[in-house]
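The structure under discussion appears below in the form of structure tokens.
The values are calculated or read from the model by the stated rules, or taken from the named source; none is laboratory data. Only a predicted model underlies this, so the values are computations on that prediction, with no experimental measurement involved. Heads up, the Cβs are rebuilt from the backbone with ideal geometry, glycines too, and the neighbour counts pull from every protein chain shown.
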Amino acid sequence: MQVRMKNRKDQIITLALELLQTRGFDSFSYQDLSRELGITKASIHHHFPKKVDLGVALCESIKRWHDREYAKARAIDGGALDKMNYYINTALRTVCGIDKICPLSSLHADMATLPEEMIRVMKKLDVEELEFMAELLQEGRDSGEFNFKGSIEAQAVLCVMIYKGALQYSRIHGDQIYIDAMQQLNILLRGEQEAQGKSARSA
């Protein structure tokens, strides 16, 4: 019975995460979950008495996914760019798919109406993702792989904004806009534009 209850809880979180990524947190109800899972709303309330409880559970699920994918990226046998590309192209892009957006981005869109408990957890997830990105940027700068200007922290924010924005734009404008954005990000990180400019001036 305990295993069955745990599976039911996991099913609720899995479906709620999908609805979060396709509709937004405010745009699905316990009635939607009940109908799609074929269970009563009372069953959902048993696991998550209030929607904020479900929201916090979603944030915790996102954190577990982040921790797992950060660890996989760090274990990549390659440079900082290889690790970053794994996270962005393999992990994040796969979980978003064609019809979904980043779950954190979805929560950002609903921030004005989210309860304080969720906002606190969400902000922590944001910070952890920025710290992970900063870690890779520092690794790349230390090894000479990256040659960008400015602070590590500011560059981390820029990277996150670029790849998450590109993911959302690609839902409307197609895959090429994402590919182009990622190529441009790689150029910026390597400082290739500056190098090309110096070559042109010396010629």
### Message
Only one of 91, 109 is under 11 Å from the mean Cα position of the chain (by Cα) and either among the small types (Gly, Ala, Ser) or closer than 17 Å to residue 137 by Cβ (or both). Can you tell me which?
### Response
91
### Query
Limited to the range 59-72, what total is found for residues that are buried (at least 18 other Cβ atoms within 10 Å of the Cβ), more than 13 Å from residue 114 (Cα to Cα) and touching a helix residue (DSSP H, G or I) at 6+ places or on another chain (Cβ under 6 Å)?
3
### Query
When you scan the range 90-203 for helices (runs of 4 or more DSSP H) that lie fully inside it, which ones turn up with 1 or more residues that are under 24 Å from residue 64 (Cβ atoms), in contact with a helix residue (DSSP H, G or I) (Cβ under 9 Å, 6 or more places away or on another chain) and aromatic (Phe, Trp, Tyr)?
116-143, 152-173
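Rundown of residues vs (1) touching a Lys or Arg at 6+ places or on another chain (Cβ under 9 Å); (2) modelled with pLDDT of 95 or more, yes/no style:
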residue: 154; (1), (2): no, yes
residue: 159; (1), (2): no, yes
residue: 177; (1), (2): no, no
residue: 188; (1), (2): no, no
residue: 194; (1), (2): yes, no
residue: 203; (1), (2): no, no
### Message
Return the pair list, or none, for Cβ contacts closer than 8 Å from residues in the range 92-115 that are free of Cβ contacts under 8 Å to residues at least 24 places away in the same chain to residues that are of a type outside the set (D, E, K, R) and surrounded by fewer than 19 Cβ atoms within 10 Å (Cβ to Cβ), at least 6 apart or on different chains.
### Response
111/119
### Query
Among the candidates 55, 79, which residue alone is touching an Asp or Glu at 6+ places or on another chain (Cβ under 6 Å), touching a residue at least 60 places away in the same chain (Cβ under 8 Å), surrounded by 14 or more Cβ atoms within 10 Å (Cβ to Cβ) and not acidic (Asp, Glu)?
79
### Query
Counting residues that are of a type in the set (Asp, Glu), which helices (runs of 4 or more DSSP H) fully inside the range 10-79 reach at least 2?
30-37, 51-74
## Note on the structure
By residue number, the members of the range 122-147 that are crowded, with 17+ Cβ neighbours inside 10 Å and among the hydrophobic types (A, V, I, L, M, F, W, C) are 122, 125, 132, 133, 134, 136, 137, 146
